[in-house]
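**Q** Submitted below is the structure of interest, expressed as structure tokens.
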Amino acid sequence: MTLSPSPTISARTAGVRGSAIRDLLTLTARPDVISLAGGLPAADLLPRERIAAAAARALTDPAAVQYGETAGLARLREVVAAHETERGTGGARGPVLPGDVVVTSGSQQALDLLARAVLDPGDAVVVEDPGYVGALQVFQAAGAVVVPVGLDADGMRVDELADLLAGGLRPRLVHTVSSFHNPRGVTLAAERRRALAELADRHGFLVVEDDPYGLLAFDGATPAPVAAHGERVVRLGSASKVLAPALRVGWLVGPGEVTAAVELLRQGADLCGSTLTQSIAADLLGDRDWFAGHLATLRREGAARAAAFTTAVAELLPDAVGSDPTGGMFCWLEFPEGTDTTAALPRALDAGVGFVPGSAFAVGTPLPAAARCCFASHPPEVLHEAVRRLATALAVPSGRGRST
């Protein structure tokens with residue numbers, strides 16, 4: 001059917017950049033391609049049998065296939081509140097309460113609803129550079145002015161943020177992927193977490209602590225959240241990386257006025273989430289012994305896969321500068337000056353490997369010679385072959401490798 005006259009698309013929508021990662025999924029789904037592109041948890045580690053058992057139990061309750069509360073299943077909010085309290089989210093304020101939690105269809109919906117609840121067009125939002133593509137899309141759609149702040153081995157350059165604030169910047173939000181950053185792989189240092197919370201209290205902005213990877217520390221030492229240090233922090237969490245993406249269960253924890261606004265907007269977005277998948281998530285997250293064992297498996301396997309990937313990079317891409325993953329899912333690679341990873345991507349796909357060029361994550365600084373690779377999706381022997389194919393496509397000359 002053809003519409004006449006042509007529909008008018010809002011200026012804000014027209015200005016939203018697409019996600020190179022989502023666009024790549026179709027190409028990398030080819031059976032001949034080893035994909036290092038998407039942030040996909042390992043299919044062989046997803047607890048399918050445990051999910052099936054929880055689903056069977058949930059389906060004995062008629063409420064599991066009925067509409068539910070907009071804020072989410074009460075049992076799941078209780079479980080999330082308990083987990084967040086153990087992480088230290090409440091800080092000096094005390095335990096997180098179920099009423100502080102809003103369940104969403106993945107943490108991406110939480111971020112979108114939060115932006116719509118808090119931002120007006122023209123508001124300044126600080127993001128990390130390189131930045132999480134999903135956050136950049138959300139803030140652009142909200143009409144925000146995106147202001148980049150750099151990253152180093154200890155995460156967001158909070159000192160750069162402090163300088164911007166001293167110079168008069170007044171952001172409404174500061175977004176950080178605080179643990180095992182996507183795409184950079186780094187973790188915000190403890191002293192910087194404290195300093196960021198103090199800056200938020202002093203200058204009146206909200207910190208959005210996007211934390212889907214925090215439980216995936218290889219050594220099991222889960223970092224204390226930014227929210228442990230201040231009250232102006234909204235935490236986003238997800239079951240996608242620790243249970244299964246298809247459950248589409250995420251959550252937001254924050255100040256009451258924020259969660260109330262998010263809940264109100266969700267009524268207009270989709271009324272409520274899936275009571276069935278929330279019941280499954282509550283079952284798995286609430287089974288503390290099982291979940292602890294499952295996390296231990298994810299951490300052990302993640303560490304082995306990260307080691308296999310970085311070892312292969314050192315052997316086969318010796319001139320690449322690679323991050324040293326201590327958790328999460330990603331390794332950030334930087335190649336010698338003159339390398340164009342965007343131009344190399346078609347050659348890589350022809351060679352049977354996919355990755356995301358660094359330019360997809362660039363905010364203020366061009367990143368033509370960088371790439372993000374997800375090591376979590378494949379076992380070690382497949383990762384070695386993926387790096388071999390990547391080396392063929394990039395044809396990086398031999399030399400001495402470095403690690404940052």
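**Q** Taking region 361-404 as the region of interest, how many residues are at pLDDT 95 or above and assigned to a helix (DSSP H, G or I)?
**A** Residues in region 361-404 being at pLDDT 95 or above and assigned to a helix (DSSP H, G or I): 13 in total.
**Q** Every residue in region 191-234 that is buried (at least 19 other Cβ atoms within 10 Å of the Cβ), among the charged types (D, E, K, R) and either in a loop (DSSP other than H, G, I, E, B) or in contact with a Ser or Thr (Cβ under 8 Å, 6 or more places away or on another chain) (or both), please.
**A** Listed by number, the residues that qualify are ARG193, GLU209, ASP210, ASP211, ARG232.
One line per residue, one yes/no per condition, for (1) outside the structural domain of LEU206 (by TED's automatic domain parsing); (2) of a type in the set (A, V, I, L, M, F, W, C); (3) in contact (Cβ under 8 Å) with a residue 60 or more places away in the chain:
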position	(1), (2), (3)
ALA43	yes, yes, yes
ALA63	no, yes, yes
LEU73	no, yes, yes
GLU86	no, no, no
ALA92	no, yes, no
PRO95	no, no, no
THR104	no, no, yes
LEU111	no, yes, yes
ALA117	no, yes, yes
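**Q** What are the residues in region 289-305 that are among the basic types (Lys, Arg) and either surrounded by 17 or more Cβ atoms within 10 Å (Cβ to Cβ) or not assigned by TED's automatic domain parsing to the domain that holds ALA43 (or both), if any? Step through it out loud before you land on a result.
**A** Filtering region 289-305 for residues among the basic types (Lys, Arg) gives 299-300, 305.
Within region 289-305, ARG299, ARG305 qualify.
**Q** Okay, next question. Just to verify a result, which residue in region 15-42, among those that are surrounded by 14 or more Cβ atoms within 10 Å (Cβ to Cβ) and not in a loop (DSSP other than H, G, I, E, B), is modelled with the lowest pLDDT?
**A** Taking region 15-42 as the starting set, the residues that turn out to be surrounded by 14 or more Cβ atoms within 10 Å (Cβ to Cβ) are 16, 19-21, 24-25, 27-28, 33-42.
After this cut, where a residue has to be not in a loop (DSSP other than H, G, I, E, B) as well, the list is 20-21, 24-25, 27-28, 34-35.
Numbers: ALA20: 58, ILE21: 62, LEU24: 68, LEU25: 69, LEU27: 67, THR28: 65, ILE34: 96, SER35: 94.
If we take residues in region 15-42 being surrounded by 14 or more Cβ atoms within 10 Å (Cβ to Cβ) and not in a loop (DSSP other than H, G, I, E, B), then ALA20 is modelled with the lowest pLDDT.
**Q** So, one more: For region 277-288, give me each residue that is touching a residue at least 40 places away in the same chain (Cβ under 8 Å) and either closer than 23 Å to PHE205 by Cα or crowded, with 20+ Cβ neighbours inside 10 Å (or both).
**A** Narrowing region 277-288 to residues touching a residue at least 40 places away in the same chain (Cβ under 8 Å): 278-286.
Within region 277-288, GLN278, SER279, ILE280, ALA281, ALA282, ASP283, LEU284, LEU285 qualify.
**Q** Something else now. Tell me the strands (runs of 3 or more DSSP E) entirely within region 65-164 that contain at least 3 residues that are closer than 18 Å to THR365 by Cα. Spell out the reasoning first.
**A** Values: elements: 101-104, 124-129, 145-152.
Answer list for region 65-164: 124-129, 145-152.
**Q** Moving to a separate point now. Quickly run through region 43-94 and pick out the residues that are loosely packed, with under 12 Cβ neighbours inside 10 Å and either among the charged types (D, E, K, R) or more than 22 Å from the chain's Cα centre (by Cα) (or both).
**A** ASP44, ARG48, GLU49, ALA52, ALA56, THR60, PRO62, GLN66, TYR67, ALA92, GLY94
**Q** Applying the selection to region 246-264, what residues are within 15 Å of LEU113 (Cβ to Cβ), exposed (fewer than 15 other Cβ atoms within 10 Å of the Cβ) and in contact with a Leu (Cβ under 9 Å, 6 or more places away or on another chain)?
**A** The one that is within 15 Å of LEU113 (Cβ to Cβ), exposed (fewer than 15 other Cβ atoms within 10 Å of the Cβ) and in contact with a Leu (Cβ under 9 Å, 6 or more places away or on another chain): PRO255.
**Q** When the residues of region 110-158 are filtered to those that are in contact with a Pro (Cβ under 8 Å, 6 or more places away or on another chain) and among the small types (Gly, Ala, Ser), which remaining residue is farthest from PRO171 (Cα to Cα)?
**A** My answer is GLY131.
**Q** If you take just the helices (runs of 4 or more DSSP H) that sit entirely in region 253-359, which of them hold at least 1 residues that are of a type outside the set (A, V, I, L, M), within 23 Å of PRO183 (Cα to Cα) and at pLDDT below 95?
**A** Where helices (runs of 4 or more DSSP H) fall fully within region 253-359 and carry at least 1 residues being of a type outside the set (A, V, I, L, M), within 23 Å of PRO183 (Cα to Cα) and at pLDDT below 95, they are 341-351.
**Q** Check region 37-52 and report whether any residue there is out of contact with any strand residue (DSSP E or B) (no Cβ under 6 Å at 6 or more places or on another chain), of a type in the set (Lys, Arg) and more than 23 Å from ALA296 (Cα to Cα).
**A** Start the filter on region 37-52 by keeping residues that are out of contact with any strand residue (DSSP E or B) (no Cβ under 6 Å at 6 or more places or on another chain), which leaves 38, 40-52.
Add one more test, that the residue is of a type in the set (Lys, Arg), and what stays is 48, 50.
Retained after the next criterion (residues that are more than 23 Å from ALA296 (Cα to Cα)): none.
So far as region 37-52 goes, no, none of its residues is out of contact with any strand residue (DSSP E or B) (no Cβ under 6 Å at 6 or more places or on another chain), of a type in the set (Lys, Arg) and more than 23 Å from ALA296 (Cα to Cα).
The values are calculated or read from the model by the stated rules, or taken from the named source; none is laboratory data. Quick caveat, the model's predicted, so the values are computed rather than measured. So basically every Cβ, Gly included, is an ideal-geometry build from the backbone, and we count neighbours across all protein chains shown.
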